[in-house]
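Have a look at the structure below, then the notes.
We did not get these values from a lab; they are worked out from the coordinates using the rules stated. Small disclaimer: the values here were computed from a predicted structure and weren't measured. FYI the Cβ positions are ideal-geometry reconstructions off the backbone, even for glycines, and counts take in every protein chain you see.
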Amino acid sequence: MSRMHGFSVLRDETLDEYAAQAILYRHDRTGAQLLSLVLEDANKVFGAAFRTPPECSTGVPHILEHSVLCGSRNYPVKEPFVELLKGSLNTFLNAFTYPDKTCYPVASTNVRDFYNLVDVYLDAVFFPRIPKAVFLQEGWHFEWSAAEELIRSGVVFNEMKGVYSSPDSVLGEFSQRLLFPDNTYGVDSGGDPRVIPQLTYEAFKAFHDTYYHPSNCRFFFSGDDDPTERLRLLNEYCSRFDARPATPGVVRQQPFATPKTAEMPYAAAPGQAERAFVTVNWLLPDTTDQDMVLAFDVLEHVLIGLPSSPLRKALLDSGLGEDLAGGGLETELRQMSFSVGLKGIKPGTTTDVERLILDTLTRLGAEGLPADAVEAGVNALEFSLRENNTGSFPRGLSMMLRSLTTWLHDGDPFTPLRFSGPLARLKARLAAGEPVLEEVLRLWFLDNPHRLTLTLAPDTELDAKRVAEEKAELADVAAGLDEAGRAAIAADLALLRQFQDTPDSPEDLARIPSLALADLPRDETPIPQQIRQADDVELLLHPLETSGIAYLDLAFPLTSVPDRLVPLVPLFGRALLELGTERFDAVTLTRRIAAKTGGISREALVTSIVGGGADDLAARLVLRGKATVEKMPELFEILKEIIEKTDFGNRERFTQMATESKSRLERRLAPSGHATAGSRLRARYTLAGATGERLRGVSQLLFLRELTARLADDYNGVRRDLETLRELILTRAGAIVGLTVSERDMAGVEKPLAAFLAGLPAAANAPAAWSRLELPAAEGIAIPAQVHYVGLGLDLTKTGWVFDGADLVASRYLRMAYLWDRVRVRGGAYGAFCSLDRIAGQAVFVSYRDPNTDATLEVFRQAGRYLMDAALSDEEMTRAVIGAIGDIDAHMLPDAKGHVALARRLTGDTAQIRAELRAQVLGAGMARFRQYGEALDAAARDAAVVVLGPAPSLDALGTTEPGLVRVDVL
């Protein structure tokens, strides 16, 4: 057995699926395990994962996840995590709390930066300071309101209030907890707001002492860095510990003898009083059997993965609800589970939904699953596994999380990564005619007594009741406080404020490892691009290594769409992919797409143009498709079919789509309130902002409500509108097409692409005039929630401001320093953000799961003043510049590079403009920070306000924000 840097090799194998050398090590002194993957991936990943099963819903693992990143032995500053965010080229830097584990992953493409991140994270998890002040800040504490009432606050406390304000989150949480009543999955690892205040500082410390030890850790590395250096870094920390007995694993949930039912309330708005949720949930086998896991993956796709999937279709066609509910297949816990149901059902119809689900599954089990649906499911799974396209999420991190599904429970970490064998066996059994999926369906769904039917019932008074109960409880606590009790609260607050107010010393800040400006590339890495003209279509060819997959972006102009039809564009794009055509009905079409391609999606891309005015914009409907190179002719055939022959006559299906879209926008208001506020603010300033809001924001929701009412009486009129959109949009005149594929395959794909484009309609249509939105200066959007999403918009163009790349550095510094400290740390919000639209000239500030309104708005308004008075050291400015360059040079997979190049072409964002911007970023200094601050301060005198939150808070806000208009959208 080979040994190096205190580690012994347990296994050394090749993972053919990822062309990776996979070595499993054991640390000799502590027994810690390391899975080290060596492969050609510049985006290097490290992770430390601890088994952290909670026994109650105080949220202790979640609070600890936040707290260990607040200063450690070698890095004794208040926020090393934030200092890293300020000045790192990281491609990922975060931490996750799961129901059974806590993970600390980092990633970077720069090897020096990567090892800096690893070192800070290792010191954080093994040697955190976690003083009581950090527990009070990140967990919970008492304080007195301006009205001298006792209240509670804390970052996680307020975060989880936001989580429990989302019906989808509540549904998922209780589906899991009630399905696993007898093990750790039966409590909330994130923390129930009503239970979090039971957590003591002593219990918090004890949890770290128990679980944060190398003997209880699984380490992971992936990428093209030196595998020996990985061992040396880990041994520096692990060698300081002695071995401990293993912590108890997650015990299996024993099966129910008979199915169960349960009902829970959710906080509903007045308009949701007749809209309940229901899911039927099954406990499934362990994740250790990958043949079974892949069978369930395919079965999930067959049942609910496509709009035409039989279970999904049966549920939506029933008219019992508005959209699918439930998370489908869950494979991240020790035992898998499956959850499916409906949103927007009428109270009292749970039994009807449950019967429909069971009857449909019984019929499918008896008659057999549709062969084309199975083919589509297998192809979709195989394409996904082989492509390994994780978007902006590092590929190595995805592999780490997959390995942990077995590894965390003392299983084989290689098993979830070796998909070729199980996939080949599954395909062979299906090809031989074995009823593999039907057997799984019968055994684990129809004959499985471990089933839970959960109803989430609307309660329009629930939020008010919760507020009243908490207020009464706190009033009782306050009334029962003696002098010592009040002194204890005062002492805790003084401790917290002293911690927050004491600045880190320059010496301690200097200990945070960082790059130098000399380590940064002076020039951007260009995306390869060749421009061709095919008649009236512009081709952007991007020769990049794509492992045999071709990515296609078809960008059709929207400028000819009449103003009244602009809000219909998102549904039109969806209809192209889901309604069916003259030759293929909706079921056949969607299964054909899944069986022959890697998928087709649509996007309404709307953005301002570089150097243009407030009414200049690029607006495109982009159809994005992907397929293996040999199947590209089939992708072109499908695209031609949907572009020319989509049948808009399916009234029932189109009505379902409109209803689903409306329901999803309503559900998104609470969990994504910061995005809603930002969209609403941007709508005030430019035509692009207004159009984006009409396509995706509150305006789209209001349009969909009108549309669903219209569909009942005037579908012929809607159909004519859809036909009009087809004639105006789906033409090659003015289209821009992006193709991303390896250079060796480019010529073989380019020719059939040109032939496909030549066959498209060629009509050129005159541009239409689009309207702006008339919105009040201050707006409150009422939602059922216990927290707020606060937004402030500043139009810099009215101040004489002209963009400089250094403004991106200043904006980022505001977010990572000023807003983090004032809104999150002191204010107790879960997050605060600011963004600068360098093209349109607006700054937008938003907070996330925020207990405050007025105080946060005042912080936003003072942001410019803060920059005007700031005095960054040279080291701080260097960190700020490095962080901004990291944002600019974000790591992208090949398909993303092609899409970004297309967007740059559409907006006129040239290489010369970006080179000038980069030079300005690298040259950022305090003089420009102050100039940007002056522009923000001047614009703050005429700021726009959007706040989402409970109606009483909005009414109170109206006294300090004159003219605030309350909008009740739910």
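Of note:
- Across segment 471-487, rounded Karplus estimates of 3J(HN,Hα) from the backbone phi angles (6.51 cos²θ - 1.76 cosθ + 1.60, θ = phi - 60°) give 5, 5, 4, 5, 5, 5, 4, 4, 5, x, 6, 8, 4, 5, x, 5, 5 Hz, Gly and Pro being marked x.
- Computed E for residue 317/residue 2 - FRET, C-beta separation, R0 41 angstrom, nearest 0.05: 0.10
- Alpha-carbon spread of segment 274-459, three principal axes, descending order, Å: 47, 39, 32
- Charge tally in the Cβ shell below 12 Å around residue 158, where Lys, Arg are +1 and Asp, Glu are -1, residue 158 excluded: +1
- Reach of residue 465 by Cα under 15 Å, taken over aspartates and glutamates that are not fewer than 8 positions away in the same chain: 473
- Mean sequence separation of contacting Cα pairs (under 8 Å, at least six apart), scaled by the length of segment 274-459, corresponds to a relative contact order of 35 percent.
- With contributions of -39500 (n - 2.57) from each DSSP H run of at least four residues, the per-residue ellipticity at 222 nm computed over the chain stands at -13000 deg cm²/dmol.
- In order along segment 625-630, phi translates into HN-Hα couplings of x, 8, 6, 5, 4, 5 Hz, rounded to whole numbers, per the Karplus curve 6.51 cos²θ - 1.76 cosθ + 1.60 with θ = phi - 60° and x for Gly and Pro.
- Residues whose amide H comes within less than 5 Å of that of residue 779, counting only those at least five positions distant or on another chain, are 945, 946, 947, 965 (H built at 1.01 Å from N in the peptide plane).
- Protection-proxy order for peptides 378-387, 214-223, 869-878, each taking the mean of Cβ atoms within 10 Å per residue, highest first: 214-223, 378-387, 869-878
- Average projected area [Cα convex hull, the chain], square nanometres: 38.1
- Counted charge near residue 17, where neighbours are those whose Cβ lies closer than 9 Å (Asp, Glu -1; Lys, Arg +1): +1
- Computed with the Debye formula from one identical point scatterer per Cα of segment 531-758, without solvent, the log10 of I(q)/I(0) at q = 0.08, 0.15, 0.18 Å⁻¹ comes to -0.32, -1.09, -1.39.
- Simple label model, 7 Å out from Cα along Cβ direction - residue 385 to residue 498, nm: 5.9
- When the listed pairs 101/596; 44/798; 260/596; 161/205; 596/662 are checked against a 32 Å cut-off, the alpha-carbon distance exceeds it for 101/596; 44/798; 260/596.
- Other residues within the sphere of radius under 12 Å centred on the Cβ of residue 292, judged by their own Cβ, net out at -4 (K and R +1, D and E -1).
- Remark: the residue 714-residue 754 segment gains 10.5 nm on full extension, using 0.36 nm per residue and subtracting the alpha carbon distance.
- Once the C-beta distance of residue 773 and residue 28 is scaled by a Förster radius of 45 Å, the resulting FRET efficiency is 0.10 to the nearest 0.05.
- If both residues of a DSSP beta bridge must be in segment 531-758, then about 85% of such bridges are antiparallel.
- FRET efficiency for residue 434 and residue 9, using Cβ-Cβ distance with R0 set to 41 Å, rounded to 0.05: 0.55
- Peptides 547-556, 789-798, 427-436 ranked from most to least packed give 789-798, 547-556, 427-436, packing being the mean of other C-beta atoms within 10 angstrom over each peptide's residues.
- Length available on full extension from residue 766 to residue 563: 0.36 nm per residue minus the Cα-Cα distance, which gives 71.8 nm.
- Counting DSSP beta bridges with both ends in the chain, the antiparallel % (nearest 5): 80
- Amide N of segment 917-949 lying under 20 Å from the label point, which is placed 7 angstrom from the Cα of residue 888 along Cα→Cβ: 917-933
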